[in-house]
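Novice: Could you have a look at this structure, given as structure tokens, before my questions?
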Amino acid sequence: MSRRIPAYQPIRSFNPFIMKPINVGLLGIGTVGGGTFTVLKRNQEEITRRAGRGIVIRMIADRDVEKARRIAGDDVIITADANEVVTNLDIDIVVELIGGYTIAKELTLKAIENGKHVITANKALLASHGTEIFAAAQKKGVMVAFEAAVAGGIPIIKALREGLTANRIEWIAGIINGTSNFILSEMRDKGLTFDTVLKQAQKLGYAEADPTFDVEGIDAAHKLTIMAAIAFGIPMQFNKAYTEGITRLTREDIRYAEELGYRIKLLGITRRTAKGIELRVHPTLIPARRLIANVEGVMNAVVVKGDAVGATLYYGAGAGAEPTASSVVADLVDVTRMHTADPKHRVPHLAFQPDLLSDTPILAMEEVETSYYLRLRVMDKPGALADITRVLADLGISIDAMVQKEPSEGEDQVDIIMLTHLAIEKNINAAIAKIQKLPLMTGKVTRIRLEELNSK
Ligand code: HSE
């Protein structure tokens, strides 16, 4: 006779709905702040059940007090002075959504000094001043949570810091700037120029009014710096990241790459090598059959290769009000759950215990080994190709594939496209410098790095 299992009786030792809620102060109620307010309100009941306490936005600081009032209603204290929020005794958690380095840094450190936990979406601040901020938080026994700082709504920080904690991370490759991915998608799909699509992106509100951070790879490098720190247990070192944007990419390169079975994406790549850690953002050819090559528009995706799990892929919205709010609120729940925990036993900011960070160097870009796409414009004359291949051979650079395009009607110049096997960046630099001086060369050599991203 089988034994009957008694019906499950949940043990309710406390009622989260009658406990004092966690009080939140919001610095900035722009796109992400507004989204955070909406999501917290809409999902209040479930969030409380998950967090074990209510989470309530009590104060908002924004220069536009009227706008803040319209969004938040009358139950929230609104002020134009952010200092009032970070020093208020009743505020438990400060959510910093101002952005930038100077004021955001001051306010973050002040909030920490006043014993507040801080949640931030500010990747620029963390990538440049994270080490100082985490040390201050550590000293004060408060948390700084930053899921929203990398890849918007994708919980990549959580995945790296907790879900993959068993692994030795080998490399990470990510499409982590939605604006530039949108531009590349449109250039490929519709054969448009960079400038035309950038204007569209600005019109659609994807790109910043000053889109330099997006298209020059700086925003991606901020996010990559944060991921590398967590993946490898190293301090934040944004100043050592190699950064190259998409502004010089042409429709021709995108088309030639396509003909060879590749897509061009702005990738952030960080990889552990015997000599150090690669930390680089640049346009990259990737095989069109890889899932990540098919991430289009403003979406983000990150591939993480761990020694135990293999390659894992994280995909989702990298920006926008509610997707980013999803990460901010997840941090609010996390901090609420850990609020009373002993600071020494919380998940460390950078996944590794702060006194056990490694001093593995970041590799200089010259030392990085990767493959290359080279496009050369030459006179269609005997010896042109031989001269080029001789330079490559002399520097030990091996050619993987090569295409010579037909010259256009009436033209005496042709495009030669080469894909190389793995080579060291400094050798490619030397080869390009020499090729550039060959008598039959016309125009500049275009170089785009290429990554197979296979799970080896
Ligand atoms: N400007 C960023 C992007 C938004 O385009 O991805 C989120 O960081």
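The values are calculated or read from the model by the stated rules, or taken from the named source; none is laboratory data. In this text, all values refer to a predicted model and were calculated from it rather than measured experimentally. Neighbour counts are summed over all protein chains in view; Cβ atoms, including those assigned to glycine, are modelled from backbone coordinates with ideal geometry. Quick note on the areas: whole protein, heavy atoms, side chains included, nothing else; ligands and nucleic acids left out. Shrake-Rupley method; radii C 1.70, N 1.55, O 1.52, S 1.80 Å.
Novice: Take residue 207 and decide whether it is surrounded by 23 or more Cβ atoms within 10 Å (Cβ to Cβ), within 12 Å of the ligand (Cβ to nearest atom) and not acidic (Asp, Glu).
Specialist: Numbers: surrounded by 23 or more Cβ atoms within 10 Å (Cβ to Cβ): yes; within 12 Å of the ligand (Cβ to nearest atom): yes; not acidic (Asp, Glu): yes.
It is true that residue 207 is surrounded by 23 or more Cβ atoms within 10 Å (Cβ to Cβ), within 12 Å of the ligand (Cβ to nearest atom) and not acidic (Asp, Glu).
Novice: Give me the residue from the stretch 361-371 that is open to solvent by 50 Å² or more (accessible area, probe 1.4 Å) and touching a residue at least 60 places away in the same chain (Cβ under 8 Å) and, out of that set, nearest to residue 243 (Cα to Cα). If you could, list the steps in order and put the result at the bottom.
Specialist: Residues of the stretch 361-371 open to solvent by 50 Å² or more (accessible area, probe 1.4 Å): 361, 364, 366-367, 369.
Filter once more, keeping what is touching a residue at least 60 places away in the same chain (Cβ under 8 Å): 361, 366-367, 369.
Values: 361: 17, 366: 13, 367: 15, 369: 16 Å.
By that ranking, first place goes to 366.
Novice: Open to solvent by less than 20 Å² (accessible area, probe 1.4 Å) and within 16 Å of the ligand (Cβ to nearest atom), is that true of residue 320?
Specialist: Judged against the criteria, residue 320 is not a match.
Novice: Taking the residues in the stretch 234-243 that are away from the ligand (no atom under 16 Å from the Cβ) and in a helix (DSSP H, G or I) as candidates, determine which candidate is farthest from residue 368 (Cα to Cα).
Specialist: 239
Novice: Just need a number here: residues in the stretch 237-259 that are modelled with pLDDT of 95 or more and of a type in the set (A, V, I, L, M, F, W, C).
Specialist: Matching residues across the stretch 237-259 total 4.
Novice: Answer yes if at least one residue in the stretch 167-177 is under 18 Å from residue 32 (Cβ atoms) and part of a loop (DSSP other than H, G, I, E, B), and no otherwise.
Specialist: So the first thing to find is which residues in the stretch 167-177 are under 18 Å from residue 32 (Cβ atoms), and the list is 176-177.
Subset that is part of a loop (DSSP other than H, G, I, E, B): 176-177.
Looking through the stretch 167-177, at least one residue is under 18 Å from residue 32 (Cβ atoms) and part of a loop (DSSP other than H, G, I, E, B).
Novice: Oh, and also: Could you list all residues from the stretch 108-148 that are of a type in the set (Ser, Thr, Tyr) and within 16 Å of the ligand (Cβ to nearest atom)? Write out each step before concluding.
Specialist: Within the stretch 108-148, the first condition is being of a type in the set (Ser, Thr, Tyr), and the residues that meet it are 108, 120, 128, 131.
Residues satisfying the conditions are 120, 128.
Novice: Kindly provide the set of residues from the stretch 381-392 that are farther than 25 Å from residue 261 by Cβ and either free of Cβ contacts under 8 Å to residues at least 24 places away in the same chain or surrounded by 14 or more Cβ atoms within 10 Å (Cβ to Cβ) (or both), ordered by number.
Specialist: The first filter runs over the stretch 381-392 and keeps only residues farther than 25 Å from residue 261 by Cβ, leaving 381-384, 386-387, 390-391.
Hits for the stretch 381-392 are 382, 384, 386, 387, 390, 391.
Novice: Answer yes if at least one residue in the stretch 332-352 is surrounded by 14 or more Cβ atoms within 10 Å (Cβ to Cβ), small (Gly, Ala, Ser), away from the ligand (no atom under 16 Å from the Cβ) and part of a loop (DSSP other than H, G, I, E, B), and no otherwise.
Specialist: Yes, some residue in the stretch 332-352 is surrounded by 14 or more Cβ atoms within 10 Å (Cβ to Cβ), small (Gly, Ala, Ser), away from the ligand (no atom under 16 Å from the Cβ) and part of a loop (DSSP other than H, G, I, E, B).
Novice: Go through the stretch 116-142 and give me each residue that's open to solvent by 20 Å² or more (accessible area, probe 1.4 Å) and among the charged types (D, E, K, R).
Specialist: Matches in the stretch 116-142: 123, 132, 139, 140.
Novice: While we're here: Give me the pairs: first residue in the stretch 166-187 and within 11 Å of residue 224 (Cβ to Cβ) and not assigned by TED's automatic domain parsing to the domain that holds residue 230, second residue open to solvent by 10 Å² or more (accessible area, probe 1.4 Å) and part of a loop (DSSP other than H, G, I, E, B), beta-carbon distance under 8 Å, and six or more apart or on different chains, which are they?
Specialist: none
Novice: Still on this model: Which residue, of 219, 253, is within 12 Å of the ligand (Cβ to nearest atom) and either surrounded by 16 or more Cβ atoms within 10 Å (Cβ to Cβ) or of a type in the set (Asp, Glu) (or both)?
Specialist: On the way: 253 fails: within 12 Å of the ligand (Cβ to nearest atom).
Testing whether each residue is within 12 Å of the ligand (Cβ to nearest atom) and either surrounded by 16 or more Cβ atoms within 10 Å (Cβ to Cβ) or of a type in the set (Asp, Glu) (or both) leaves just 219.
Novice: Scanning for something farther than 20 Å from residue 298 by Cα and open to solvent by 20 Å² or more (accessible area, probe 1.4 Å), does the stretch 147-155 turn up at least one residue?
Specialist: Quick first cut of the stretch 147-155, residues farther than 20 Å from residue 298 by Cα only: none.
So far as the stretch 147-155 goes, no, none of its residues is farther than 20 Å from residue 298 by Cα and open to solvent by 20 Å² or more (accessible area, probe 1.4 Å).
Novice: Taking the stretch 393-432, which residues are open to solvent by 50 Å² or more (accessible area, probe 1.4 Å) and either within 16 Å of residue 381 (Cβ to Cβ) or among the small types (Gly, Ala, Ser) (or both)?
Specialist: Scanning the stretch 393-432 gives 393, 396, 398, 404, 406, 408, 410, 411, 412, 413.
Here's the yes/no breakdown for (1) within 16 Å of the ligand (Cβ to nearest atom); (2) assigned to a strand (DSSP E or B); (3) open to solvent by 30 Å² or more (accessible area, probe 1.4 Å):
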site	(1), (2), (3)
180	yes, no, no
185	yes, no, no
197	yes, no, no
200	yes, no, yes
227	yes, no, no
245	yes, no, no
249	no, no, no
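Novice: With respect to residue 231, is the statement that it is under 18 Å from residue 268 (Cβ atoms), out of contact with any Phe, Trp or Tyr (no Cβ under 8 Å at 6 or more places or on another chain), within 13 Å of the ligand (Cβ to nearest atom) and open to solvent by less than 20 Å² (accessible area, probe 1.4 Å) true? Outline the logic, then answer.
Specialist: Numbers: under 18 Å from residue 268 (Cβ atoms): yes; out of contact with any Phe, Trp or Tyr (no Cβ under 8 Å at 6 or more places or on another chain): yes; within 13 Å of the ligand (Cβ to nearest atom): no; open to solvent by less than 20 Å² (accessible area, probe 1.4 Å): yes.
The answer is no for residue 231.
Novice: Just to be sure before I move on: is residue 428 touching a helix residue (DSSP H, G or I) at 6+ places or on another chain (Cβ under 8 Å) and modelled with pLDDT of 90 or more in the structure I sent?
Specialist: No: the conditions fail for residue 428.
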